[in-house]
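Here's the structure we're looking at; comments come further down.
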Amino acid sequence: MDNEILIEVLTEENTTLKTKLALHFMDAADEDKKLAEQLFNEQRDLIAVLKVEVASLAKSRDQFQAENRRLKRRIATLEGKC
């Protein structure tokens with residue numbers, strides 16, 4: 001668990017540094033750089049939300065697939081009794 005937290009913190013720091021580096025080398029006015037930084041941050045936040053949604057959907061899918069397997073086994077058992 002601690003390793004996962006450390007990886008998450010380091011990944012966030014890496015992303016922040018990449019953004020700062022991209023903004024530094026961007027050939028644009030300061031105002032445009034601020035707008036680009038805002039866009040980068042918005043996109044990063046959106047990606048984080050989408051990752052949570054994907055994880056939630058995957059968990060839900062896995063639960064439905066497990067329930068489907070149980071129901072198929074139950075049907076097979078009931079059909080075998082008839």
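Yes or no, residue by residue, for (1) surrounded by 10 or more Cβ atoms within 10 Å (Cβ to Cβ); (2) among the charged types (D, E, K, R); (3) in a helix (DSSP H, G or I):
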| site | (1), (2), (3) |
| --- | --- |
| LEU10 | yes, no, yes |
| LYS18 | yes, yes, yes |
| ASP27 | no, yes, no |
| LEU39 | yes, no, yes |
| LEU50 | yes, no, yes |
| VAL54 | yes, no, yes |
| GLU79 | no, yes, yes |
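Pairs needed: first member in region 29-48, free of Cβ contacts under 8 Å to residues at least 24 places away in the same chain; second member anywhere, not hydroxyl-bearing (Ser, Thr, Tyr); C-beta distance under 6 Å; at least 6 residues apart or different chains.
Between residues of region 29-48 that are free of Cβ contacts under 8 Å to residues at least 24 places away in the same chain and residues that are not hydroxyl-bearing (Ser, Thr, Tyr), the close pairs are LYS33/LEU23; LYS33/MET26; GLU37/LEU23.
Residues ARG44, ARG61: which one is part of a helix (DSSP H, G or I), of a type in the set (Lys, Arg) and within 15 Å of the chain's Cα centre (by Cα)?
Values: ARG61 fails: within 15 Å of the chain's Cα centre (by Cα).
The match here is ARG44.
Could you identify the single residue in ALA48, ALA55, ALA66 that is under 28 Å from LYS18 (Cα atoms) and modelled with pLDDT of 95 or more?
Answer to the check: ALA55.
Residue by residue through region 68-82, note down the ones that are under 38 Å from the mean Cα position of the chain (by Cα) and among the polar types (S, T, N, Q).
Pass one, region 68-82, residues under 38 Å from the mean Cα position of the chain (by Cα): 68-76.
ASN68 - this is the single residue of region 68-82 that is under 38 Å from the mean Cα position of the chain (by Cα) and among the polar types (S, T, N, Q).
Within region 27-36, is there a residue that is in contact with a Lys or Arg (Cβ under 7 Å, 6 or more places away or on another chain) and farther than 21 Å from GLU8 by Cα?
No, there is no match, as no residue in region 27-36 is in contact with a Lys or Arg (Cβ under 7 Å, 6 or more places away or on another chain) and farther than 21 Å from GLU8 by Cα.
The values are calculated or read from the model by the stated rules, or taken from the named source; none is laboratory data. Just so we're clear, the structure is a prediction, and the values are computed from it rather than from any experiment. Cβ sites come from the backbone with ideal geometry, for glycine too, and all protein chains shown count toward neighbours.
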